[in-house]
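Nothing in this text is a laboratory measurement; each read-out follows from the coordinates by a stated rule. Treat the numbers as computed from the prediction; the structure is a model and nothing was measured. Cβ coordinates were reconstructed from backbone atoms using ideal geometry, including for glycine residues, and neighbour counts include every protein chain displayed.
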Amino acid sequence: MDVARLQPQSKQEPSPSFAQQFLNDKLLGQDKLQFTKVSEKGTADALFAECLESIRHRRFQLDPDVDNRSSEAVEKLTQEERAIAAKIFQRVDPERKIAPRLESRGCYIDPLWDPFKRVEELQQQVAQDLTEFAKVVGAAEARRQRLLVRASLRRQYRMHDPLSEGHRRFFGAQRADPFPTPHRVHERFWDPSPDVRVALKNNNVPISWRDLHILHHFVGENGLILPRRTTHASRYQQRCIFKAICMARRMALFPYDWKPTQGELMPVMDPLQYLVDELTSRYKATGDLRADAMLCVMLSKYPKLNYFRYLQYKAQGQKAEMEAMQQQDEEDRGDFSRLLRKYKRAATDQESRYQPATSV
């Protein structure tokens with residue numbers, strides 16, 4: 001009689017858990033340690049990559065439901081990180097080859113794996129370089145986004161402004177017809193265009209035959225001089241314009257029967273002197289520092305030009321600053337004599353207006 005059949009069958013032993021299996025593999029692998037690292041990959045993290053790959057492979061064998069496939073985004077970021085690290089190593093030591101490209105990559109010792117070499121300083125340098133690079137990239141990206149937002153706001157403002165040209169083009173609105181103007185308007189209601197205003201002002205200098213770049217504003221297409229109700233000039237300005245055009249025509253500088261364009265004529269004077277006058281007018285009108293710097297350079301380079309208006313304006317400004325400083329010092333000391341003299345002089349002038357002049 002078979003005794004094995006009569007004995008009760010023992011239950012099948014359960015499979016070990018993941019933690020127990022990992023511990024068994026760890027104890028089993030202690031007897032098979034390698035003191036020389038040999039790998040197929042030629043990178044500094046080859047040993048770590050192999051260990052991580054073996055752990056993932058073992059985990060997949062124990063639990064097949066885990067999806068450990070790498071994504072395309074992670075692979076792309078890994079490649080970029082490796083490229084940046086290679087460039088940094090190349091900059092640290094250009095003569096040393098970090099990852100040699102051998103024809104037979106089956107089995108060789110990684111050049112960077114050396115257990116007896118200290119690499120803390122290099123690791124800190126690489127980490128610092130990567131941190132600085134991340135800061136620069138973050139600042140550049142923030143500036144780009146800020147510029148895009150600013151351009152978008154500027155574009156949206158023009159688009160939603162009902163008085164702008166962009167709003168009319170975006171919504172397809174038709175341009176309104178200009179209001180009809182009477183043939184004769186009183187001088188108080190004249191409203192010349194900005195170009196005509198600048199031409200009539202002429203930097204506070206009367207218009208002469210030398211100002212050929214201005215005279216074309218006051219001539220019709222057939223060469224006739226325009227009247228005052230068209231040029232919107234004062235009587236004195238109209239007389240100066242008439243005399244300047246007649247003198248320029250006698251000197252064969254201005255045509256008789258046709259109107260020149262703006263780019264065909266230039267003032268009859270030294271171009272450098274014309275530049276000095278224009279820069280001086282701009283500096284006095286708007287306080288342009290760029291015009292002031294250009295005048296300072298021209299003053300040292302071309303001292304024979306006429307800088308009277310520029311120097312006079314600078315002297316007046318310095319005098320006003322000195323007087324303001326003196327007045328502030330006197331007020332700080334409690335001396336208001338300058339202010340009292342000023343008001344006393346103004347009151348005396350006001351009283352002298354109403355007093356009859358006495359004849360001697």
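A few notes on this one:
- Karplus-derived 3J(HN,Hα), 6.51/-1.76/1.60, for each residue of the stretch 201-214, Hz, glycine and proline x: 5, 6, 6, 6, 10, x, 6, 10, 5, 6, 8, 5, 6, 10
- Computed over the stretch 173-318, Kirkwood Rh from alpha-carbon pairs, angstrom: 17.6 Å
- Here the extension length gained between L153 and E187 equals 8.0 nm, from 0.36 nm per residue of separation less the Cα-Cα distance.
- Between D270 and Q90, the distance separating the two model label sites (each 7 Å from Cα on the Cα→Cβ line) works out to 5.9 nm.
- Each Lys and Arg adds +1 at its Cβ and each Asp and Glu adds -1 at its Cβ; summed about the Cα centre, the stretch 270-349 shows a dipole of about 240 debye.
- Residue-by-residue Karplus 3J(HN,Hα) for the stretch 277-285, coefficients 6.51, -1.76, 1.60, Hz, glycine and proline x: 5, 5, 5, 5, 5, 5, 5, 6, 7
- Alpha-carbon Debye profile of the stretch 270-349, log10 I(q)/I(0) at 0.15, 0.23, 0.25 Å⁻¹: -0.67, -1.01, -1.14
- Alpha-carbon centroids, the stretch 270-305 and the stretch 167-223: separation in whole Å: 28 Å
- Volume in Å³ per residue [convex hull over Cα atoms, computed for the stretch 191-268]: 87 Å³
- The chymotrypsin sites (Phe, Trp or Tyr not before Pro) of the stretch 125-220 that DSSP puts in a loop, and whose beta carbon has at most 16 other beta carbons within 10 Å, are W190.
- Cut-off 12 Å between beta-carbons: net charge of the residues surrounding L299, Lys and Arg +1, Asp and Glu -1: +2
- 32 Å Cα-Cα threshold exceeded, pairs from K284/K304; K259/K301; K201/K319; K243/K301; K284/K342; K243/K319: K259/K301; K243/K301; K243/K319
- For V219, residues with placed amide H under 5 Å, excluding near neighbours: L226
- Measuring how big the stretch 243-307 is from its alpha-carbon positions, Rg and Dmax come out at 15.7, 45 Å.
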